[in-house]
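Each remark here refers to the structure printed beneath this line.
None of the figures in this text is laboratory data; all of them are computed from the coordinates on show. Because the structure is predicted, anything quoted here is derived from the model rather than measured.
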Amino acid sequence: MIRSIRPTDLPRLAGLNRRGLVNEAYARRDLTRPRRSLSLGLILEHWLALEENRQTWVDVERRRIDGLISARDEGLAWEIDRLVVEPDADPRVVQRLLSYLTAVGGEVGIQKLYLRLQASSDLVELARSAGFLLFSGETLYARPTPIEQPRPLSADGVRPKASGDTHAIFQLYCASVPLRVRQAEAMTLSEWQQLRQRGRPALGRRETVFERDGQLVGWLQSDVRGRAAHFELLAHPDHPDVVDTLLDVGLAHHRGRAPLYCLVAEHEARLAHALGERGFHPEASFCALVKQLSVRVKQPRLVPVPG
């Protein structure tokens, strides 16, 4: 039976803790955090705190919890950030959890479910059998040591992002990201704006754009979390050289900071090469999956009017 988590589940959750289970799902904002087992502290922090934007369900059979799933509410989408099952769990447990989440999401008007798993995880095929589509492979690049001597900069055309650049950055996104990824992430400006905020803290954020001949051809965003800096970059396919320029600008700004991270999608080969030249190394590989939900919509119909 699948149901919402309850404070009275603490003794059963302690059983998961004793079995040393780990979380199989990776939220974007948690990619660089160490993979932790399901400790009691983590249970209290994430599930019994009753966060308004979090939904959590458990699979209970014979008074024992066999699985747990948790999703964060990101507007019209949910991002699954906790999926806890036995390493050799019955595949039906995973499928039940994902199917239940699908049904509940559709009932409340959620349009998409996002799930990120390690590329080597056995759960990838289970998720696909439950209706999730693999829309991108991703590699997390990391540099554990700071950059003390940034490369010489040629920053003509580089400037801070202005408030009026939003639509131009969205057009850059449409030009530089494959259709299959945009169909999963964002096809409209409104969806893209929600995507930009999903799971991303605004503190310590810096955005830089590259403008050439009146056209915005590059964009770099960096977030600071503790001592670490996280980079995200878009470059127009007709102007691949802006990858090196923007990356060097970002690294110069965060000179002396470490570690440094950048999540690179499989279509961003130029960015992966540029990171490698600057001392970054692949740290982990992921599969990004999405499921489009059939949202229940009330159909208009004629009704008799009393005379």
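Remarks
- Kirkwood-based Rg to Rh ratio, the range 141-286, C-alpha trace: 0.93
- Backbone phi angles across the range 214-228, fed through the Karplus curve with coefficients 6.51, -1.76 and 1.60 (θ = phi - 60°), yield HN-Hα couplings of x, 10, 7, 10, x, 8, 10, 10, 10, 10, 10, 10, x, 8, 8 Hz in residue order; Gly and Pro are listed as x.
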